[in-house]
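The values are calculated or read from the model by the stated rules, or taken from the named source; none is laboratory data. Not measured: the values here are computed from a predicted model. Cβ placement follows ideal geometry from the backbone for every residue including glycine, while neighbour counts extend to all protein chains displayed.
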Amino acid sequence: ADQPETDSQFRAAPVETRSAGWLLAPAKQARSVTVAGLPDDGQGARWREVDAPGSASEAFTGTMDADTPAGVRAVPSGAGSVAVGGLVSSVTARGDLRGLAAGACTVPAADTWLVGGGTDVGQGARLVLDNPGRTPATVDLEIVTAEGSQVPAAGRALVVPAGQRREVLLEGLVAGQPAIAVHVRAEGGRVAAFLHDSLLRGLVPGGVDVVAPSAAPSTRQLVPGVLNDGTTRSALRIVNPGSSAAVVSWRLLGDAGQRVDAEQPAVTVPARSLVDVELAGLPDGSFTAVLESESKVVASALVQRGTVTSGRIDTSVPVDLAWSPSVGSLGEDPAVVPLPQGDGAPSPVLMLGGVDAADRQAARVQIRVVDAEGRIGEPREVEVPSGRTVRLDGERLAPAGARGVLLTADVRDVVPASLVLWSGERGALISVTPLNPAPAPPDDVVVRAAVPGTWP
């Protein structure tokens with residue numbers, strides 16, 4: 001039946017949402033690259049091949065339809081891993097869903113942590129499970145809140161067919177929780193999981209973003225992309241998946257060389273629970289958060305951009321939000337970073353955190369630019385001083401029209417990285433995309449062992 005006409009000003013998005021997607025893969029590592037839609041109509045994935053570049057010194061480049069679910073598959077040219085990067089963004093300038101949401105391609109996994117979002121009044125938390133593989137995957141969900149963890153009956157044994165997508169509204173599983181983290185465990189196949197987070201305070205939009213996977217639980221978590229200025233405030237979310245309380249210390253490494261230590265010596269996170277830490281009183285700047293604990297934890301940062309009044313975000317006017325998950329360090333295998341292209345595309349800023357340097361003075365990151373024709377340039381070296389965060393934007397990152405960059409670092413250095421995207425008037429809309437090392441070879445099987453009852 002025909003849908004009744006409605007006044008556009010009463011729609012969740014009264015203006016057109018601009019969506020786009022870009023992909024990048026060095027030809028030296030990939031023999032072929034294909035892209036597919038991942039439907040939820042039971043028809044399975046439909047793959048199309050990306051045009052190959054002219055030589056191994058170039059890169060596969062292309063676009064993706066950001067309005068439909070997409071998967072990227074690359075066949076390695078040899079026995080090593082394939083470095084592939086994909087980036088999608090969606091911008092809505094007005095309405096309930098006002099905001100910039102962006103996400104990078106995620107490698108399918110059997111175990112994923114999504115740290116962000118909530119299910120309280122006005123919050124939307126839509127979990128997306130993509131299975132680009134050839135066998136069905138069975139997924140169990142554990143939802144961690146400030147009150148503890150739950151495994152809802154409706155979140156058990158969720159089947160995601162091969163080549164398809166499944167979505168779950170978490171408000172229907174655990175309602176009334178302003179802060180959550182989701183533990184996704186898959187059997188029979190691997191899934192790529194992410195969370196659509198949205199917030200509406202009455203009639204005032206509070207922002208939208210994609211919550212990407214955080215780094216696996218560990219005793220040290222690295223979170224780049226923490227921001228503070230005249231229009232931006234940040235907070236940390238720390239999750240303890242273990243069976244005993246975790247005592248977590250943290251510090252921030254700034255882009256002006258400032259180091260900010262926690263006002264309290266440490267934060268105690270109860271077992272199977274989470275804690276939000278507001279980062280009040282920060283000096284202006286860009287920061288990398290370093291969290292350390294004797295117990296394994298997971299972390300992310302919430303960044304809110306709007307109007308700041310008395311040191312806090314004014315929630316009576318529109319706000320946008322971004323989630324910056326913890327990441328691993330850059331390494332010898334390249335992190336492949338497509339850059340947004342075209343009119344109205346978001347503006348990128350690369351954040352590099354100098355956590356540890358082999359010479360104790362500065363880490364060194366190699367950047368190779370992929371130009372507008374897909375040619376991969378010679379590497380240039382960027383120093384990241386130990387204890388500082390480095391911002392690269394505009395020409396400092398790449399010339400106009402560049403398709404992307406390839407990032408590598410010495411394995412002895414610890415350099416986490418993220419890509420901050422800005423859009424809208426005066427950069428009012430924001431999103432943060434984690435940049436992770438290249439995935440392991442596809443034939444590798446990760447085996448994790450633990451004493452029964454202790455695996456988080």
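Numbers below:
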read-out: Lone unmet requirement of (1) over 27 Å from residue 378 (Cβ atoms); (2) crowded, with 18+ Cβ neighbours inside 10 Å for residue 338; value: (1)
read-out: Unique residue being in contact (Cβ under 8 Å) with a residue 12 or more places away in the chain and closer than 15 Å to residue 234 by Cα when the list is 294, 278; value: 278
read-out: Enumeration of residues in the stretch 9-34 that are part of a strand (DSSP E or B), of a type in the set (D, E, K, R) and at pLDDT below 80; value: 31
read-out: Qualifying residue in the stretch 172-183 (condition: more than 25 Å from residue 430 (Cα to Cα) and touching a residue at least 60 places away in the same chain (Cβ under 8 Å)); value: yes
read-out: Strands (runs of 3 or more DSSP E) contained in the stretch 178-252 and holding at least 2 residues among the basic types (Lys, Arg), on the phi > 0 side of the Ramachandran plot and touching a Cys at 6+ places or on another chain (Cβ under 6 Å); value: none
read-out: Set 112, 68, 6: member being β-branched (Val, Ile, Thr), outside any helix (DSSP H, G or I) and modelled with pLDDT of 65 or more; value: 112
read-out: Conditions (1) hydrophobic (A, V, I, L, M, F, W, C); (2) in a strand (DSSP E or B); (3) touching an Asp or Glu at 6+ places or on another chain (Cβ under 7 Å): number failed by residue 299; value: (3)
read-out: Yes/no for residue 163 being at pLDDT below 95, over 22 Å from residue 276 (Cβ atoms) and either among the aromatic types (Phe, Trp, Tyr) or out of contact with any helix residue (DSSP H, G or I) (no Cβ under 7 Å at 6 or more places or on another chain) (or both); value: yes
read-out: Condition check for residue 315: at pLDDT 95 or above and either touching a His at 6+ places or on another chain (Cβ under 9 Å) or among the β-branched types (Val, Ile, Thr) (or both); value: no
read-out: The lone exception for residue 84 - which of (1) surrounded by 22 or more Cβ atoms within 10 Å (Cβ to Cβ); (2) modelled with pLDDT of 95 or more it fails; value: (2)
read-out: Test for residue 119: is it β-branched (Val, Ile, Thr), modelled with pLDDT of 90 or more, surrounded by 23 or more Cβ atoms within 10 Å (Cβ to Cβ) and under 19 Å from residue 203 (Cα atoms); value: no
read-out: The one condition in (1) hydrophobic (A, V, I, L, M, F, W, C); (2) surrounded by 23 or more Cβ atoms within 10 Å (Cβ to Cβ); (3) within 14 Å of the chain's Cα centre (by Cα); (4) under 25 Å from residue 291 (Cα atoms) that residue 208 fails to fulfil; value: (4)
read-out: Counted residues, the stretch 358-389 - those being under 19 Å from residue 289 (Cα atoms), of a type in the set (A, V, I, L, M, F, W, C) and surrounded by fewer than 17 Cβ atoms within 10 Å (Cβ to Cβ); value: 0
read-out: Pair list, Cβ under 9 Å, 6 or more apart: the stretch 242-267 residue farther than 21 Å from residue 354 by Cβ, other residue among the polar types (S, T, N, Q) and in a loop (DSSP other than H, G, I, E, B); value: 242/454; 243/454
read-out: Hits in the stretch 204-232 (condition: touching a Lys or Arg at 6+ places or on another chain (Cβ under 7 Å) and closer than 12 Å to residue 303 by Cβ); value: 231, 232
read-out: Selection status of residue 125, touching a helix residue (DSSP H, G or I) at 6+ places or on another chain (Cβ under 7 Å), surrounded by 23 or more Cβ atoms within 10 Å (Cβ to Cβ) and of a type outside the set (Val, Ile, Thr); value: yes
read-out: Every residue from the stretch 278-300 that is farther than 18 Å from residue 390 by Cα and modelled with pLDDT of 95 or more; value: 291, 292, 293, 294, 295, 296, 297, 298, 299, 300
read-out: Residue match in the stretch 407-424 (condition: basic (Lys, Arg), at pLDDT below 95 and in a strand (DSSP E or B)); value: no
read-out: Candidate set from the stretch 140-173 (those that are in a loop (DSSP other than H, G, I, E, B) and hydrophobic (A, V, I, L, M, F, W, C)); member that is surrounded by the fewest Cβ atoms within 10 Å (Cβ to Cβ); value: 157
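A quick yes/no check of all residues on (1) out of contact with any Leu (no Cβ under 6 Å at 6 or more places or on another chain); (2) closer than 21 Å to residue 117 by Cα; (3) of a type in the set (Phe, Trp, Tyr); (4) surrounded by fewer than 19 Cβ atoms within 10 Å (Cβ to Cβ):
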{"residue": "240", "(1), (2), (3), (4)": "yes, yes, no, no"}
{"residue": "246", "(1), (2), (3), (4)": "yes, no, no, no"}
{"residue": "249", "(1), (2), (3), (4)": "yes, no, no, yes"}
{"residue": "262", "(1), (2), (3), (4)": "yes, no, no, yes"}
{"residue": "265", "(1), (2), (3), (4)": "yes, no, no, yes"}
